[in-house]
Amino acid sequence: MRLDPLTMVTVLAMGAGTYACRAGGYWLFNRFNPSPAVRALLSYVPGCLFVSYVAPAVLDGGPKAWIGAAVAMLTMKLTGSMIWPIFTGTAAAWLVWSLY
């Protein structure tokens, strides 16, 4: 297996971009003290971003994605955990994919 230099540069650039975004956020919050309203508003951003990434994939994913998402939501409802839905939803989608 040969490592493509363009792939390596792309992965490193994406890692640097991700680090810069996170470090920039910490830097900004250390320099400025946002109001309680702004802090409350920003607390919803991670959930909104997650939904904006997952929803199109689930809607376009077909039966395996739909079943995986349903199993993950059911597991979340029953356990209240954040990690178990990932495992059970992935396992259900994989099982449907292997049988389908």
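The values are calculated or read from the model by the stated rules, or taken from the named source; none is laboratory data. Predicted model only: the values in this text are computed from it and were never measured. Neighbour counts are summed over all protein chains in view; Cβ atoms, including those assigned to glycine, are modelled from backbone coordinates with ideal geometry.
Worth a mention:
- For region 27-52, a residue qualifies if it is surrounded by 10 or more Cβ atoms within 10 Å (Cβ to Cβ) and either more than 17 Å from Met82 (Cα to Cα) or in contact with a Lys or Arg (Cβ under 7 Å, 6 or more places away or on another chain) (or both), and the qualifying residues are Trp27, Leu28, Phe29, Pro34, Val38, Arg39, Ala40, Leu41, Leu42.
- Filter result for Lys64 (in a helix (DSSP H, G or I) and in contact with a Phe, Trp or Tyr (Cβ under 7 Å, 6 or more places away or on another chain)): yes
- Within region 53-66, tally of residues that are aliphatic (A, V, I, L, M), loosely packed, with under 13 Cβ neighbours inside 10 Å and within 9 Å of the chain's Cα centre (by Cα): 0
- Every test in (1) surrounded by 10 or more Cβ atoms within 10 Å (Cβ to Cβ); (2) over 15 Å from the mean Cα position of the chain (by Cα); (3) of a type in the set (Phe, Trp, Tyr) is passed by Phe87 save one, and that test is (2).
- Among the residues of region 9-38, those identified as polar (S, T, N, Q) and at pLDDT below 90 are Asn30, Asn33, Ser35.
- For region 76-87, residues that are under 15 Å from Val58 (Cβ atoms) and either touching a residue at least 12 places away in the same chain (Cβ under 8 Å) or part of a loop (DSSP other than H, G, I, E, B) (or both) total 2.
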